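Read-outs: derived from the displayed coordinates by stated rules, not from any lab. No experiment lies behind these values; they were computed from the predicted model shown. Methodologically, a virtual Cβ is constructed for each residue, glycine included, from the backbone with ideal geometry; neighbour enumeration extends over all protein chains shown.
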Amino acid sequence: MATINLVDLKKNYGSVPAVKGINLSVKDGELIVLVGPSGCGKSTLLRMVAGLESVTSGRIEIAGRDVVKAEPAERDIAMVFQNYALYPHMTVRQNLEYGLKNRGTPREEIDRRVKEAADILEIGPMLDRKPRQLSGGQRQRVAMGRAIVREPAAFLFDEPLSNLDAKLRVQMRVEIRKLQRRLKTTSLYVTHDQLEAMTLADRLVVMNNGLVEQLGTPTEVYDRPATLFVAGFIGSPPMNLLSLESIAGAPGFEGLNLPDGTDVIGIRPDQLVLDQPTGQNLALAASVELLEPIGGESHLHVRLTGSNQAVILSVPGRPDIAEGAAVTLYARPADLHPFNRESGRRTDTAVANP
Amino acid sequence: MQTKRTIFPNKLLPYLLLAPQLAVTLIFFIWPAVQAVKSSFEREDPFGFKTTFIWFDNYKRLFADPTYLNSVGKTAVFAVSVTLLAMSVSLLLAVSVNRVLRTNRLYTTLLVWPYAVAPVVVGILWWFMFNPSIGIAPYLLRGLGINWNHRIDGSHAMLLVIIAASWKQISYNFLFFVAGLQSVPQSLTEAAAIDGAGPFKRFWTIVFPLLSPTTFFLLIVNINYAMFDTFGIIDATTSGGPAQATNILVYKVYADGFLGLNIGSSAAQSVVLMLIVIALTAIQFRYIERRVQY
């Protein structure tokens, strides 16, 4: 149980800045997901918190204590690595015990905690096996077990699910979430998978180029992306970002009342519809390029008439639309996200639309 | 691991392709070995006119000969010391180099050089350095009150050949240890660091066990090296002396056969040596298969 505070944290590799000043405070028991494209500095940030990477400047406080100069062992954290980093020459039990033995935990206490962790993670029958005799999912559980038995102030997860196949990943994602809810341990979780980020996070930190682009709950970030980068990164398929000129002549454009400085409009694929809704709408003429059925819904790839800009919309079911057909896309004014290309930021205020 | 199989349409072609290697093996390895076994059962008269087949007489004499038994003892001391010294120093160097990030390559290159030096040259180098009349080492040792003279002191001589032989082998071991250390994933040491293990504990509980395949491989190589490939060093440094103090088995084979011209005994010795190495290797490989897996 602890809070984590990062104050103006920076990291340079030689003259190359990797992390350019991060401020973040993680509340007690909260799960914060750091998400961003590869090379955005999210793993470096996590490794700095773990003590595996030196800090160029700034402060890291875990449970109110400045740990910038502390050894990894002194920080009272546990980390789950991408490749699990299980000790291959030790049995599962020895893997779990290793950290406790190093800290001189009494034998009965070790046995109790190992049993407890094994029960939680259902790895009891595997305790006497070596890691190489386990499947990917089982190794993942052992790696989690090794973190749990320590009963640390915070868990750090470094892309723990990226080595698993898609089905197992979804399953383990749910388990991690349940486990974290149950143990209420403060957690930092790094991933490049935005779906993982959206589903796991209490709060989400979207990072790009060593800086925080946006911090908020998953719904806040999805509903009101603060920057063009976030708008394009979060959501699948990504948000359509249309230049103002390409829609300027469309019916309903006059009534939009866009804020000053807007030159890009973002529209989520699921907020574009083919049937005209009631009320005032923006109507865009387009021609269909491709229809991708993906099960319950379909992705319709179209090009706007005139500007020739590519747009994706997701439509329910499997509509009977031929390629090349002319369609009209409708969007409610409230669903439009106005941005300024130069600054990369939203042009409307932080207050949410109704 | 899946092996790649090639199907030859012609039955003769594969044998033809193997022929050069087979010829080399037969002429330079198998044939001399057979000759050695053969002469170990024979005795030659002093003028080389006739040889008599004498069964195990050469072997019987050998094991009753105190100088031979002395040589066995010296070989054991020499082989164990060289192996331990060469391996521990090279492991220490490899771990140190592995910790240095930027100049890693430079150190590796420099530390490999001794391996390129011929054994005789190694022997002469150390002979010079420890030469009681002109060497730098005895001069320095005198300052510490040690009167170094490997020409008259057997243990000094043994120490000298051990150091010289180890020095040459360190490069080889070092290369393998560096490669072995690099194959231990960084994340394991990081996980151990988070698990509260200090640098020493991390090394002995995580890195060293994972290095064991390399260590066992080097153990075999080093023992074989010390017993067989150190002839040049011994010959150039002490020539087996003083008073048999550094007369290890492989040197005695040479001394008895080519200097003493006792071909029968020399052949018997080399057969014994051959058996020792076969046995050692077999034991070690079996041990490895049982022990070194994780």
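By the rule of a C-alpha distance below 13 Å, with chain neighbours fewer than 8 residues away ignored, the aspartates and glutamates paired with A:Lys101 are A:Glu109, A:Asp111, B:Asp195. Among B:Val117, A:Asn240, B:Ile194, which residue has its Cα furthest toward the positive end of the charge dipole of the protein assembly as shown, with +1 on Lys/Arg Cβ and -1 on Asp/Glu Cβ? Checking the options against the dipole of the protein assembly as shown, the answer is B:Val117. Using θ = phi - 60° in the Karplus curve 6.51 cos²θ - 1.76 cosθ + 1.60, the 3J(HN,Hα) couplings for the stretch A:221-235 round to 5, 6, 6, 9, x, 6, 9, 4, 4, 4, 4, x, 8, 8, x Hz; x is entered for Gly and Pro.
When each of the peptides B:169-179, B:270-280 is scored by the mean number of other C-beta atoms lying within 10 Å of its residues, the order from highest to lowest reads B:169-179, B:270-280. Screening chain B for whole DSSP H helices with an alpha carbon extent of at least 18 angstrom along the helix axis and a mean Kyte-Doolittle hydropathy of at least 0.0 yields B:12-25, B:66-99, B:154-182, B:212-228, B:263-291. Backbone N atoms of the stretch A:52-88 closer than 16 Å to the 7 Å Cα→Cβ label point of A:Glu151 belong to residues A:76-78. A Förster radius of 30 Å, combined with the Cβ-Cβ distance separating B:Asn149 from B:Lys60, puts the computed FRET efficiency at roughly 0.20. The stretch A:53-120 and the stretch B:18-79 have Cα centres lying 60 Å from one another.
Take each residue in B:180-192, count the other chain C-beta atoms within 10 Å of its C-beta, and the mean is 5. Between helix A:136-149 and chain A there is an angle of about 60 degrees, using the helix long axis and the longest principal axis of the Cα atoms. Taking 0.36 nm per residue of separation and subtracting the Cα-Cα distance, full extension of the segment from A:Asn5 to A:Asp128 would add 40.4 nm.
Per-residue shielding of A:64-75, expressed as the average number of other chain Cβ atoms within 10 Å of the residue Cβ, stands at 2.
Helix A:107-121 and the longest principal axis of the C-alpha atoms of chain A enclose an angle of approximately 30°. With both labels modelled 7 Å from their Cα along Cα-to-Cβ, the B:Thr51 to B:Phe200 distance reads 5.9 nm. Summary: within chain B, the longest segment free of trypsin sites (Lys or Arg not before Pro) located in DSSP loops with at most 15 other C-beta atoms within 10 Å is B:152-294. Greater than 19 Å separation of Cα atoms is the criterion. Which listed pairs, A:Lys10/A:Lys69; A:Lys20/A:Lys42; B:Lys168/B:Lys201, meet it? Over 19 Å apart, Cα to Cα: B:Lys168/B:Lys201. Between the helical axis of A:92-102 and the longest alpha-carbon principal axis of chain A there is an angle of about 70 degrees.
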